[in-house]
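To start, the structure under review is shown below, and the notes come after it.
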């Protein structure tokens, strides 16, 4: 028995100079068809394993030959996909009718949406995964929508990709809860490389043995890199939100269903979809898979706003804590205790509550106050520096150590009882945020 990659099979004489009785090609949906064709010549019999409802091969070029031979998987090129879509039995295809990975509440969506209800759950799957589903976050729920619509999830572009700081902090809160409840493995997946890069940069700040006991295996990456793997808990961060005018093509293009399918089916016991569902509903058509997934999860978890509030109300580390938008006492104490520099970012002066301005007035002669905003007028201070850089989202930074994000005026939110903002206490996070933003 020899195990190898398709690339090595074509370049290593130890492989290609031999002839095998049987060639088994796995994860074939992501393999280039010419690679599979070459590997097939090395054996007498060939078995090709894969899921053509998952991600296809990746190729950048738009050349016609690339479109034909490198961007389509072997199942589409051979015509097998057409047979299945027409509900016909292809003589060379064997469908696996039973899944053993996912809690039935997770597989319910993908089975109906992508597999024509042809895949059933193994009888023992529920018993094997129930112990994961019952743990926090969202105890006793296996498939959950965590809505960020009411928490100012501002989304920015970064070198052609997208980045959403508020979503990343909410995901970290979920991971902290899962780690505390002894979930063994946690996956964080996003459609965007920029968001994945950011998460891998800041995760070590919150998950270190000095501040808390880290028992969970945590992996963060793009959805593409999760194909072929599985985790007890999967957090899928949609990232998209305002002020972006359009949802990203990864969620809207014709093949977006394959991305959604992979993201859901990586979860063994708990799946959490994290995102601004309000934005998605306004910017993505109802017939797209992501809209159908959101609708499915809304039907499954009627109380997601209340349950989300429970998640945010818990504190797992001194470095991250969430406060309701009405709670300004801790913020005022932080401003009063500041020793050097305070940075404020907002669209207009009215976005900051009068009680916060009053604390800043009392401290302005002792501090360097830097203000980033779109409208410079009506700022009720006499001593401050105006920074003309573009406004990104509301935040208050203190002494390059403490960062507050979100709304700073309790009267401008529609769902005050369910709206939270994070306070991050970490000079390393402050530096990472500054470098990413500017």
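The values are calculated or read from the model by the stated rules, or taken from the named source; none is laboratory data. Everything numeric here is computed off the predicted structure, so don't read it as measured data. Glycine also receives a Cβ, built like all others from the backbone with ideal geometry; neighbour counts cover every protein chain displayed.
For residue 364, indicate whether it is surrounded by fewer than 19 Cβ atoms within 10 Å (Cβ to Cβ) and out of contact with any helix residue (DSSP H, G or I) (no Cβ under 9 Å at 6 or more places or on another chain). Criteria met by residue 364. For region 164-177, check the following and say yes or no: at least one residue is assigned by TED's automatic domain parsing to the domain that holds residue 235, on the phi < 0 side of the Ramachandran plot and surrounded by fewer than 20 Cβ atoms within 10 Å (Cβ to Cβ). No, there is no match, as no residue in region 164-177 is assigned by TED's automatic domain parsing to the domain that holds residue 235, on the phi < 0 side of the Ramachandran plot and surrounded by fewer than 20 Cβ atoms within 10 Å (Cβ to Cβ).
Screening residue 287 against (1) assigned to a loop (DSSP other than H, G, I, E, B); (2) closer than 28 Å to residue 239 by Cβ; (3) in the same structural domain as residue 403 (by TED's automatic domain parsing) leaves a single unmet condition, (3). Taking the condition in the same structural domain as residue 129 (by TED's automatic domain parsing), in contact (Cβ under 8 Å) with a residue 60 or more places away in the chain and either in a strand (DSSP E or B) or under 15 Å from the mean Cα position of the chain (by Cα) (or both), does residue 196 pass? When the stated conditions are applied, residue 196 does not pass them.
Looking across region 282-314, the residues that are farther than 20 Å from residue 153 by Cβ and touching a residue at least 12 places away in the same chain (Cβ under 8 Å) come down to 285, 289, 292, 296, 300. Only one entry in 341, 325, 311 is more than 30 Å from residue 147 (Cβ to Cβ) and surrounded by 13 or more Cβ atoms within 10 Å (Cβ to Cβ), namely 341. Before we move on, is residue 140 within 21 Å of residue 175 (Cα to Cα) and surrounded by fewer than 18 Cβ atoms within 10 Å (Cβ to Cβ)? When the stated conditions are applied, residue 140 passes them. At least 2 residues being over 28 Å from residue 306 (Cβ atoms) is the threshold, and among the strands (runs of 3 or more DSSP E) wholly inside region 117-163 those reaching it are 156-158, 161-163.
Scanning region 199-216 for residues being in a helix (DSSP H, G or I), touching a strand residue (DSSP E or B) at 6+ places or on another chain (Cβ under 7 Å) and touching a residue at least 40 places away in the same chain (Cβ under 8 Å) gives a total of 1.
Could you tell me how many of the residues in region 18-29 are out of contact with any strand residue (DSSP E or B) (no Cβ under 8 Å at 6 or more places or on another chain) and surrounded by fewer than 18 Cβ atoms within 10 Å (Cβ to Cβ)?
Residues in region 18-29 being out of contact with any strand residue (DSSP E or B) (no Cβ under 8 Å at 6 or more places or on another chain) and surrounded by fewer than 18 Cβ atoms within 10 Å (Cβ to Cβ): 3 in total.
Counting only helices (runs of 4 or more DSSP H) that sit completely within region 7-78, those holding 2 or more residues that are touching a residue at least 24 places away in the same chain (Cβ under 8 Å) correspond to 13-16, 33-40, 74-77.
Identify, please: which residue in region 164-191 is assigned to a loop (DSSP other than H, G, I, E, B) and in contact with a strand residue (DSSP E or B) (Cβ under 9 Å, 6 or more places away or on another chain) and is, among those, farthest from residue 274 (Cα to Cα)? Residue satisfying both the conditions and the ranking: 184.
Among the residues of region 373-392, those that are out of contact with any helix residue (DSSP H, G or I) (no Cβ under 7 Å at 6 or more places or on another chain) and either surrounded by 19 or more Cβ atoms within 10 Å (Cβ to Cβ) or within 19 Å of residue 164 (Cβ to Cβ) (or both) comprise 373, 390, 391. Can you tell me which residue within region 102-122, out of those that are closer than 15 Å to residue 53 by Cβ and out of contact with any helix residue (DSSP H, G or I) (no Cβ under 7 Å at 6 or more places or on another chain), is surrounded by the most Cβ atoms within 10 Å (Cβ to Cβ)? Taking the candidates together, the pick is 107. Filter region 315-341 for residues that are touching a helix residue (DSSP H, G or I) at 6+ places or on another chain (Cβ under 7 Å) and either closer than 16 Å to residue 141 by Cβ or free of Cβ contacts under 8 Å to residues at least 40 places away in the same chain (or both) and give the result. Scanning region 315-341 gives 332, 336. Would you please name the residue that is nearest to residue 229 (Cα to Cα), looking only at residues in region 178-193 that are surrounded by 22 or more Cβ atoms within 10 Å (Cβ to Cβ) and within 15 Å of the chain's Cα centre (by Cα)? Residue satisfying both the conditions and the ranking: 187. Checking the stated criteria, residue 227 turns out not to satisfy the condition of being touching a helix residue (DSSP H, G or I) at 6+ places or on another chain (Cβ under 8 Å) and under 16 Å from residue 170 (Cα atoms).
When residue 224 is tested against the conditions (1) surrounded by 15 or more Cβ atoms within 10 Å (Cβ to Cβ); (2) assigned to a loop (DSSP other than H, G, I, E, B), the lone failure is (2). Listed residues 242, 279; which is touching a residue at least 12 places away in the same chain (Cβ under 8 Å) and surrounded by 17 or more Cβ atoms within 10 Å (Cβ to Cβ)? Within the list 242, 279, the selection yields 279.
None of 300, 292 is under 21 Å from the mean Cα position of the chain (by Cα), modelled with pLDDT of 95 or more and within 28 Å of residue 237 (Cα to Cα) except 292.
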